[in-house]
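S.K.: Shown below is the structure under consideration.
The values are calculated or read from the model by the stated rules, or taken from the named source; none is laboratory data. In this text, all values refer to a predicted model and were calculated from it rather than measured experimentally. Because the Cβ atoms are built from the backbone with ideal geometry, glycine has one as well, and the counts that use them run over all protein chains shown.
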Amino acid sequence: MWIGVHVRIGTGYAKAIEYAKRLQCTAIQIFSTNPRSYRTSAIDEAALAAFRTMRHEAGIEKCLIHAPYLINLASDDPKIANGSLNLLKYDLAVAKAGGIDYVNTHLGSYGKRDRNEGFVGACRLLEAALEEIGRNVTLILENSAGAGSLCGGTLAELGRFVKALDHPQLGICLDTAHAWAAGYQIDSQRGVDDFLYEAAEQIGLDRIAAFHFNDTEVPLGGNRDRHHHIGEGNIGVEGFRALVLRPELREKIAILETPGEEADDLRNLQTIRSLVASAEVPQSAGTPASW
């Protein structure tokens, strides 16, 4: 696995790389712009080229842009829909300019809109975004915590997007805290095996590019997005051990979005790394070898 954290770029790319190096990250996630604003700035191609060089020199093999939180591709409000598409296109352009592998986005909420109608609307916006995607960039859709009319709360719904769009540069990012909040009991080997079996059936594991590793204190099926330190919440050490030991996930990216500052990031990374390093790969009974 390529393992890392979300890093801040507010004080510049160089500082972000220094931070990631101290934590020995092999992957990072950034915001390319203010995640709570529709405003964007001109793309600084020189700075992005330097950022690419710095990542390479630091051994950071994978980089993700997390799209702004304001994006709502399922909205029936034309202003919100157009604003969301513009933000997504901007991040895809930044990724192309900076040699960044992935752009990760939430899908948003259907609101009071009919879910099928909202699904079609979201697909149309995703198609428009994918028309301009750079050759080496992949757009990945993140699962939601499943509250109310949120889009993408189930593996089946994510798979429906993948199948409907059928684009080679479309993938999925699975957030563990969101999955737990949506009702997937991934706190044990059996629970993780069941989760990944369903993911393989509904989405295809080849389409899952990345994970957000976050523990949570939200009750199972609580439909709330709250992140907690690795191994200290309801998913626990056993859940994350089961995930990192799955041989099919060895080439995936794992980004931690846990709370706190540098010491917390280091502690959470050390927990994940210790699980990767110390445990033996189990042979799960009843698990298809073709996963």
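S.K.: So, of the residues in the range 128-155 that are over 17 Å from the mean Cα position of the chain (by Cα) and aliphatic (A, V, I, L, M), which turns out to be surrounded by the most Cβ atoms within 10 Å (Cβ to Cβ)? Full working, then the answer.
M.R.: Narrowing the range 128-155 to residues over 17 Å from the mean Cα position of the chain (by Cα): 128-136, 147-149.
If we keep only those that are aliphatic (A, V, I, L, M) as well, we get 128-130, 133, 147.
Working: Ala128: 12, Ala129: 24, Leu130: 17, Ile133: 21, Ala147: 15.
It comes out as Ala129.
S.K.: Mind checking whether some residue in the range 85-101 is more than 28 Å from Phe195 (Cα to Cα) and modelled with pLDDT under 95? It would help to see each step written out before you state the result.
M.R.: First, pick out the residues of the range 85-101 that are more than 28 Å from Phe195 (Cα to Cα): 85-100.
Next, from what is left, pick out any that are modelled with pLDDT under 95: none.
No: the range 85-101 contains no residue that is more than 28 Å from Phe195 (Cα to Cα) and modelled with pLDDT under 95.
S.K.: Related question: Could you list, in sequence order, all residues of the range 163-190 that are closer than 26 Å to Glu127 by Cβ, more than 15 Å from the chain's Cα centre (by Cα) and of a type in the set (A, V, I, L, M)?
M.R.: Ala164, Leu165, Ala182
S.K.: Looking only at helices (runs of 4 or more DSSP H) that fall completely inside the range 77-194, which ones have 2 or more residues that are farther than 27 Å from Pro219 by Cα? Can you show your working first?
M.R.: Values: elements: 78-98, 115-130, 155-165, 176-181.
Because the criterion is at least 2 residues that are farther than 27 Å from Pro219 by Cα, the helices (runs of 4 or more DSSP H) in the range 77-194 that meet it are 78-98, 115-130, 155-165.
S.K.: Return a yes/no flag: does the range 33-49 have any residue that is at pLDDT below 95, in a loop (DSSP other than H, G, I, E, B) and in contact with a strand residue (DSSP E or B) (Cβ under 8 Å, 6 or more places away or on another chain).
M.R.: Yes, that holds for at least one residue.
S.K.: If you go through the range 115-166, how many residues are closer than 14 Å to Ala74 by Cα, touching a Lys or Arg at 6+ places or on another chain (Cβ under 9 Å) and of a type in the set (S, T, N, Q)?
M.R.: Looking only at that region, the number is 1.
S.K.: List the residue pairs whose Cβ atoms are under 8 Å apart, where the first residue sits in the range 238-250 and is under 19 Å from Thr216 (Cβ atoms), the second is of a type in the set (Asp, Glu) and surrounded by fewer than 24 Cβ atoms within 10 Å (Cβ to Cβ), and the two are 6 or more positions apart or on different chains.
M.R.: Glu238/Asp187; Gly239/Asp187; Ala242/Asp193
S.K.: Quickly run through the range 24-39 and pick out the residues that are over 14 Å from Gly83 (Cβ atoms), in contact (Cβ under 8 Å) with a residue 40 or more places away in the chain and surrounded by fewer than 18 Cβ atoms within 10 Å (Cβ to Cβ).
M.R.: Matches in the range 24-39: Gln24 only.
S.K.: Could you please find all residues in the range 245-261 being assigned to a strand (DSSP E or B) and β-branched (Val, Ile, Thr)? Working first, answer last.
M.R.: Narrowing the range 245-261 to residues assigned to a strand (DSSP E or B): 253-256.
Passing the criteria: Ile253, Ile255.
S.K.: Condition (residue is in contact (Cβ under 8 Å) with a residue 24 or more places away in the chain, under 19 Å from Thr176 (Cα atoms), surrounded by fewer than 16 Cβ atoms within 10 Å (Cβ to Cβ) and touching a Pro at 6+ places or on another chain (Cβ under 7 Å)) applied to the range 65-84: is it met by at least one residue?
M.R.: Yes, some residue in the range 65-84 is in contact (Cβ under 8 Å) with a residue 24 or more places away in the chain, under 19 Å from Thr176 (Cα atoms), surrounded by fewer than 16 Cβ atoms within 10 Å (Cβ to Cβ) and touching a Pro at 6+ places or on another chain (Cβ under 7 Å).
S.K.: Mind listing just one residue for me: the one in the range 171-186 that is touching a residue at least 40 places away in the same chain (Cβ under 8 Å) and in contact with a helix residue (DSSP H, G or I) (Cβ under 6 Å, 6 or more places away or on another chain) and, of those, farthest from Thr138 (Cα to Cα)?
M.R.: Looking at residues that are touching a residue at least 40 places away in the same chain (Cβ under 8 Å) and in contact with a helix residue (DSSP H, G or I) (Cβ under 6 Å, 6 or more places away or on another chain), I get Ile186.
S.K.: Could you tell me how many of the residues in the range 106-120 are crowded, with 20+ Cβ neighbours inside 10 Å and farther than 17 Å from Ala147 by Cα?
M.R.: Final tally of qualifying residues: 0.
S.K.: Return yes or no: is Thr53 at pLDDT below 95, more than 19 Å from the chain's Cα centre (by Cα) and either acidic (Asp, Glu) or under 26 Å from Leu256 (Cα atoms) (or both)? Spell out the reasoning first.
M.R.: Values: at pLDDT below 95: no; more than 19 Å from the chain's Cα centre (by Cα): yes; either acidic (Asp, Glu) or under 26 Å from Leu256 (Cα atoms) (or both): yes.
When the stated conditions are applied, Thr53 does not pass them.
S.K.: Among the residues in the range 182-197, are any among the aromatic types (Phe, Trp, Tyr) and surrounded by fewer than 18 Cβ atoms within 10 Å (Cβ to Cβ)?
M.R.: Our first condition is that a residue be among the aromatic types (Phe, Trp, Tyr); within the range 182-197, this holds for 184, 195, 197.
After this cut, where a residue has to be surrounded by fewer than 18 Cβ atoms within 10 Å (Cβ to Cβ) as well, the list is 197.
Scanning the range 182-197, I find at least one residue that is among the aromatic types (Phe, Trp, Tyr) and surrounded by fewer than 18 Cβ atoms within 10 Å (Cβ to Cβ), so the answer is yes.
S.K.: If you don't mind, another one. Condition first: in a loop (DSSP other than H, G, I, E, B) and basic (Lys, Arg). Now tell me which residues in the range 201-244 satisfy that. Can you show your working first?
M.R.: So the first thing to find is which residues in the range 201-244 are in a loop (DSSP other than H, G, I, E, B), and the list is 203-204, 214, 216-227, 229-235.
Once the filter is applied, which keeps residues that are in a loop (DSSP other than H, G, I, E, B) and basic (Lys, Arg), the range 201-244 yields Arg224, Arg226.
S.K.: In the range 209-237, which residue that is farther than 22 Å from Leu266 by Cβ and out of contact with any strand residue (DSSP E or B) (no Cβ under 9 Å at 6 or more places or on another chain) is surrounded by the most Cβ atoms within 10 Å (Cβ to Cβ)? Working first, answer last.
M.R.: Initial filter on the range 209-237 (farther than 22 Å from Leu266 by Cβ): 209, 218-225, 234.
Those left that are additionally out of contact with any strand residue (DSSP E or B) (no Cβ under 9 Å at 6 or more places or on another chain): 219-222, 224.
Values: Pro219: 11, Leu220: 16, Gly221: 13, Gly222: 18, Arg224: 14.
Checking each candidate, the answer is Gly222.
S.K.: Another question about this same structure. Can you list residue pairs whose Cβ atoms sit under 7 Å apart, with the first residue in the range 148-167 being more than 15 Å from Phe195 (Cα to Cα) and the second being in a loop (DSSP other than H, G, I, E, B) and among the acidic types (Asp, Glu)? Count only pairs 6 or more apart in sequence or on different chains.
M.R.: none
S.K.: Could you tell me whether Cys123 is surrounded by fewer than 22 Cβ atoms within 10 Å (Cβ to Cβ), of a type outside the set (A, V, I, L, M), under 20 Å from Ile203 (Cα atoms) and touching a residue at least 40 places away in the same chain (Cβ under 8 Å)?
M.R.: Working: surrounded by fewer than 22 Cβ atoms within 10 Å (Cβ to Cβ): yes; of a type outside the set (A, V, I, L, M): yes; under 20 Å from Ile203 (Cα atoms): yes; touching a residue at least 40 places away in the same chain (Cβ under 8 Å): yes.
Judged against the criteria, Cys123 is a match.
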